[in-house]
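Working notes for the structure below.
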Amino acid sequence: MFRPPPPRAPVSSGHDDPGPSSTTAVSAGPTSSSGSVTHVEGVGAPAVPGQSAEGGSMISRMMADNPYFSAGAGLMGIGVVLTAARTLVRSGASMAQRRMLVTLEIPSKDRSYPWFLEWMALHAPQQAAIPSPPARGGSSSASSPSSTPSGPFASIRSLLKGKGPMTLRSHELAVETAFKQHENGSSEAVFNLVPGPGTHYFRYKGSWFQVRRERDAKLMDLHSGSPWETLTLTTLSSSRHLLPDLLAEARALAEQGTEGKTVVYTAWGVEWRPFGKPRRRREMGSVVLAQNVAERIEHDLKGFLGRGKWYAERGIPYRRGYLLHGPPGSGKTSFIQALAGSVNYNICLLNLAERGLTDDKLNHLLGLVPERSFVLLEDVDSAFSRRVQTSEDGFKSSVTFSGLLNALDGVASSEERIIFMTTNHYSRLDPALIRPGRVDIHELLDDAAGEQAERLFKKFYGSSPTAGPDDQAKARVWRDGEQVYSDEEVEEMGAHVRDIVDRNREQGKRVSMASLQGLFIRTGAKEASEQVESLCKEVRTEDTL
């Protein structure tokens with residue numbers, strides 16, 4: 001760097017004034033005899049500017065010659081540049097994530113949460129299939145890479161080409177155990193490996209997804225005691241349309257386990273949960289009622305299900321109530337189960353006498369009934385038989401009678417609801433509970449009549465009702481050692497059973513359908529027709545009218 005030369009000191013032609021005067025005497029010519037001297041005033045000495053320039057050059061020389069100063073300045077500049085670059089990268093990544101990625105969160109309280117876990121568990125075997133070890137003693141010849149692609153690199157190549165498994169092998173797994181105890185004492189357990197807490201990746205319809213399962217140990221579900229969990233799905237924004245397809249496929253997979261079956265729900269706190277495994281749907285013909293009773297109820301129910309708009313146009317609450325009353329063993333609950341299977345509905349079982357159930361919870365439960373489900377209130381007459389005190393500790397029935405009435409058709413009652421009530425003592429019910437609007441259909445399911453007993457007899461010992469004249473493949477299944485009778489013989493014995501039941505009914509003796517069914521299960525046709533007489537007993541009918 002070019003530095004200017006230091007300024008020269010001024011030259012004086014006369015004698016320097018030793019005093020502190022700032023005026024310099026300059027000789028303009030030869031000195032006159034009078035000794036006059038010409039003085040030039042106002043010219044300042046350059047001593048101060050010279051000193052400032054020397055100081056600046058000293059600092060510049062120090063910074064140039066000292067390596068510590070130059071290194072510090074360079075590091076400071078590099079740090080500033082890196083900080084700015086990191087900020088730009090973070091901002092760019094955040095912007096790109098908002099623009100290019102889409103995130104879907106599924107909490108553990110949502111119904112799709114177990115569906116999606118089951119979907120991933122189902123695809124886990126084909127996603128991460130562990131090769132079986134070769135059998136001992138067998139020859140295991142390794143194929144050449146050129147002939148048969150194998151190994152992790154072949155799997156990665158197939159994944160990238162879109163021909164591989166749907167999901168990468170997961171290293172964070174959790175187990176869900178399904179345990180079943182049989183009546184004979186044996187048991188079986190099925191272990192399902194599902195994605196555990198962590199990060200997982202899978203490919204669906206050509207697009208990659210990231211699944212992050214997070215568990216918060218501080219938040220607990222008070223009803224189940226399980227920690228709060230969240231599933232977070234992340235994919236490209238261009239694959240947003242695949243999220244509804246993925247959830248719909250998970251739901252369809254979950255419904256395959258209940259297809260052709262009836263799910264029974266019970267109240268668990270303030271929510272409905274499946275009770276046990278789904279039950280096989282019961283056929284309407286399996287429950288033998290009095291003539292035209294089942295057909296009348298089924299026709300009314302199907303007519304109600306198809307008139308939603310009709311109710312809405314006339315401002316009528318879209319609700320229906322049925323009351324089935326009669327003696328024990330007449331088939332009330334069995335008929336409701338068969339009717340639910342007939343219209344492809346499930347059943348929500350609600351016990352009004354359950355400890356801890358309050359009016360608010362009852363309203364909440366009736367408002368959150370699962371879709372396509374009946375609400376079943378069994379033995380509704382016994383719910384308020386003891387309203388004051390039911391135990392020594394002073395516990396009272398939390399559900400009040402007025403609370404039940406308001407839940408059925410009050411202001412806060414829900415729409416699109418079908419309620420079935422059963423009772424063994426019809427005369428004990430309060431008229432306010434069974435008035436029109438709360439209960440629309442009253443149907444008596446009485447003890448066995450003669451024609452009912454005959455139809456049940458033919459159902460057990462006659463030809464299969466599902467087998468046609470040309471269908472020989474559907475043969476009837478018989479007990480070991482059971483004697484099979486012809487249709488004519490079964491008709492004759494069935495008529496004999498009908499006469500016995502009708503005769504005893506005229507004499508005030510009755511037999512329940514459950515008792516007849518138990519007899520037909522234990523014995524053959526001839527023995528059953530002979531023992532029906534012993535089942536007919538005198539019963540009180542005043543409470544079933």
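General remarks:
- Extension gain for ASP300-SER427 works out to 43.3 nm (0.36 nm per residue, less the C-alpha to C-alpha distance).
- Take the Cα of ASP216, step 7 Å toward its Cβ, do the same at ARG372, and the gap between the two points is 3.4 nm.
- Counting only aspartates and glutamates at least 8 places from LYS537 when in the same chain, those with an alpha carbon closer than 15 Å to its own are ASP446, ASP447, ASP502, GLU506.
- Within the shell of other residues whose beta carbon sits under 9 angstrom from the beta carbon of ALA267, the net charge comes to 0, with Lys and Arg scored +1 and Asp and Glu -1.
- With the simple spin-label model, which puts each label point 7 Å out from Cα in the Cβ direction, the THR400 to ALA353 separation comes to 2.2 nm.
- Rounded to the nearest Hz, the phi-derived 3J(HN,Hα) couplings of segment 201-209 under the Karplus curve 6.51 cos²θ - 1.76 cosθ + 1.60 (θ = phi - 60°) are 10, 8, 10, 9, 6, x, 10, 8, 10, where x marks glycine and proline.
- The Cα atoms of segment 192-293 give a gyration tensor whose axes a ≥ b ≥ c have a/c of 1.5 or more with a/b no greater than b/c, which makes the shape oblate.
- Solvent-accessible heavy-atom area per residue, rounded to whole Å², over segment 224-345 at 1.4 Å: 51 Å²
- At R0 = 25 Å, FRET efficiency that the Cβ-Cβ distance of ARG314 and PHE275 yields, to 0.05: 0.10
- When the GluC sites (Glu not before Pro) in segment 267-322 are filtered for DSSP coil states and for at most 13 other beta-carbon atoms within 10 Å of their beta-carbon, the remaining sites are GLU283.
The values are calculated or read from the model by the stated rules, or taken from the named source; none is laboratory data. The model shown is predicted, which means the values in this text are computed figures rather than measured ones. When we count neighbours, we look across all protein chains shown, and the Cβ atoms used for this are built from the backbone with ideal geometry, even at glycine. When the accessible area is computed, the model is the full protein with side chains, heavy atoms only, and any ligands, DNA or RNA have been set aside. Shrake-Rupley method; radii C 1.70, N 1.55, O 1.52, S 1.80 Å.
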